[in-house]
Amino acid sequence: MLATALLIVGGLAATWTLWVHVLRPSHDLLRRYQKGSVRPWALITGASDGIGKAFALELAKRGFNIVLVSRTQSKLDACAQEIKKASPSAETHVVSIDFAKSDFHAIRKTVDDACKNRDIALLINNAGMGTLPTRLHELNDSETQQAIDTMQVNVVAFTAVLRGVTPHLVARDHRGGIVNVSSASALHGLPYNAVYAGSKAYNNLVSHTIGVELKENKIDVLSFTPLFIQTNMVRAKANLFIATAPAAVNACLRSLGYESRTTGTLSHKLQSLAATIYPPLAGEMSISTMKKVRKQALARMAAKAKKQ
Ligand SMILES: NC(=O)c1ccc[n+]([C@@H]2O[C@H](COP(=O)([O-])OP(=O)(O)OC[C@H]3O[C@@H](n4cnc5c(N)ncnc54)[C@H](OP(=O)(O)O)[C@@H]3O)[C@@H](O)[C@H]2O)c1
């Protein structure tokens, strides 16, 4: 009896997962968010690299103009060029700002200004950073500064961007979207990255809450909680467990307009499920990986210092 019930529940869960991750058609986001015949804009933070850059290239391909917001001007310019080459009809606008060195009001005003005279239909709130993996009580001086910057970029700037852009989405009086890039560490924690995991839990909960608030304005709000993705932040080659940025972004966009949270790829969904069923997978058992990541990062930094 119990075995039959488990089989039925398991079968239903597997069918649902297959539907969401493979079979369900994604929304045509341009059709969903475009107001009239004007080509809409997506504003993306952290757009010059990694996941943000993959969002920028993909959304330009899907018919959006792109406001690229990030820290490094030369990387932003290179990214705008790349978009122009891949999607010649897409317009771009670049905004360079260091979220770690600007206060809430300056960040809010900068993104607010970038939205003026543009039909911003979609926000990808993605810029983020982490610290070198270390136990919280063992952070040295430079790692402590990294932790402070992480709270500033992942919490303060993240909120200032929402405060600056959301009024423009609401004022359009038309369907729009917000993707808040959190992380699976928001759900399971991440030893040696306590400040990062805490900041990502903040991203996830704020996303959930404003999703409820903005329902009456027809704004789709999605929290993206992926596991490892191959970028500068996670310097490991993509494999069955580690996604490429374009694959993660495509999987995330499949959920926009349907769910309020997604882990993205099917592999990440299954890994997250495994960590929910057996918490030590994301707890004690991940400590050895974090120690290895720390050792590799320190070796890279030492090699770089030797070259200079
Ligand atoms: N990679 C993963 O495995 C993973 C997993 C889960 C969640 N995430 C989240 O995904 C988001 C993007 O991470 P990523 O892996 O794509 O990292 P990434 O490759 O290092 O890219 C980070 C982006 O954020 C920008 N940025 C960093 N610090 C900034 C600052 N102080 N001011 C303004 N912009 C700043 C960077 O700009 P410049 O480099 O041009 O300065 C870059 O465009 C983050 O929120 C991260 O927490 C990543």
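Tabulated data for the structure shown
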read-out	value
Condition met for Ser26 (closer than 28 Å to Ala243 by Cα and away from the ligand (no atom under 16 Å from the Cβ))	yes
Test result for Asp141, surrounded by fewer than 16 Cβ atoms within 10 Å (Cβ to Cβ), without any contact (Cβ under 8 Å) to a residue 40 or more places away in the chain and in contact with a strand residue (DSSP E or B) (Cβ under 9 Å, 6 or more places away or on another chain)	no
Residue count, the stretch 38-83 (criterion: in a helix (DSSP H, G or I) and either under 19 Å from His27 (Cβ atoms) or not polar (S, T, N, Q) (or both))	20
Flag if Gly46 is over 17 Å from Lys116 (Cβ atoms), crowded, with 23+ Cβ neighbours inside 10 Å and within 18 Å of the chain's Cα centre (by Cα)	yes
Members of the stretch 233-245 that are over 25 Å from Gly211 (Cα atoms) and under 14 Å from the mean Cα position of the chain (by Cα)	Met233, Val234, Ala243, Thr244
Pair list, Cβ under 6 Å, 6 or more apart: the stretch 281-302 residue free of Cβ contacts under 8 Å to residues at least 24 places away in the same chain, other residue β-branched (Val, Ile, Thr) and surrounded by fewer than 14 Cβ atoms within 10 Å (Cβ to Cβ)	none
Residue in the stretch 59-70 that is within 13 Å of the ligand (Cβ to nearest atom) and surrounded by fewer than 21 Cβ atoms within 10 Å (Cβ to Cβ) present	no
Criterion: touching a helix residue (DSSP H, G or I) at 6+ places or on another chain (Cβ under 9 Å), under 20 Å from Ser48 (Cα atoms) and surrounded by fewer than 19 Cβ atoms within 10 Å (Cβ to Cβ) - qualifying residue of Val155, Val111	Val155
Yes/no for Ala54 being within 16 Å of Leu256 (Cβ to Cβ), buried (at least 20 other Cβ atoms within 10 Å of the Cβ), within 9 Å of the ligand (Cβ to nearest atom) and hydrophobic (A, V, I, L, M, F, W, C)	yes
Qualifying positions in the stretch 115-132 - touching an Asp or Glu at 6+ places or on another chain (Cβ under 7 Å) and more than 13 Å from the ligand (Cβ to nearest atom)	Leu132
Inter-residue pairs, beta-carbon under 9 Å, first surrounded by fewer than 23 Cβ atoms within 10 Å (Cβ to Cβ) and in the stretch 246-266, second among the polar types (S, T, N, Q) and modelled with pLDDT under 95, 6+ apart	Asn250/Ser26; Arg254/Ser26; Leu256/Ser26; Gly257/Ser26; Tyr258/Ser26; Leu266/Thr17
Answer from Asn140, Asn126 - the residue that is under 24 Å from Thr72 (Cβ atoms) and polar (S, T, N, Q)	Asn126
Selection count where residues are within 26 Å of Leu18 (Cα to Cα) and of a type outside the set (Ser, Thr, Tyr), scope the stretch 263-308	13
The stretch 235-255, residues that are touching a Gly at 6+ places or on another chain (Cβ under 9 Å) and closer than 19 Å to Asn125 by Cα	Ala245, Ala247, Ala248, Val249, Asn250, Ala251, Cys252, Arg254, Ser255
Every pair of residues 6+ apart whose Cβ atoms lie under 9 Å, when the first sits in the stretch 83-103 and is hydroxyl-bearing (Ser, Thr, Tyr) while the second is part of a strand (DSSP E or B) and within 11 Å of the ligand (Cβ to nearest atom)	Thr92/Leu68; Ser96/Val69; Ser96/Ser70
The stretch 34-51 residues that are within 25 Å of Gly130 (Cα to Cα), paired with ones that are modelled with pLDDT under 95 and within 13 Å of the ligand (Cβ to nearest atom) (beta carbon under 7 Å, 6 or more apart)	Asp49/Asn232; Gly50/Asn232; Gly50/Met233
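Yes or no, residue by residue, for (1) within 12 Å of the chain's Cα centre (by Cα); (2) of a type in the set (Phe, Trp, Tyr):
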{"site": "Val206", "(1), (2)": "no, no"}
{"site": "Ser223", "(1), (2)": "yes, no"}
{"site": "Pro226", "(1), (2)": "yes, no"}
{"site": "Arg254", "(1), (2)": "no, no"}
{"site": "Thr263", "(1), (2)": "yes, no"}
{"site": "His268", "(1), (2)": "no, no"}
{"site": "Ala274", "(1), (2)": "no, no"}
{"site": "Tyr278", "(1), (2)": "no, yes"}
{"site": "Ala282", "(1), (2)": "no, no"}
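The values are calculated or read from the model by the stated rules, or taken from the named source; none is laboratory data. These numbers were taken from a predicted model, which means no experiment stands behind them. Ideal geometry is used to build each Cβ from the backbone, glycine not excepted, and the neighbour counts take in all protein chains shown.
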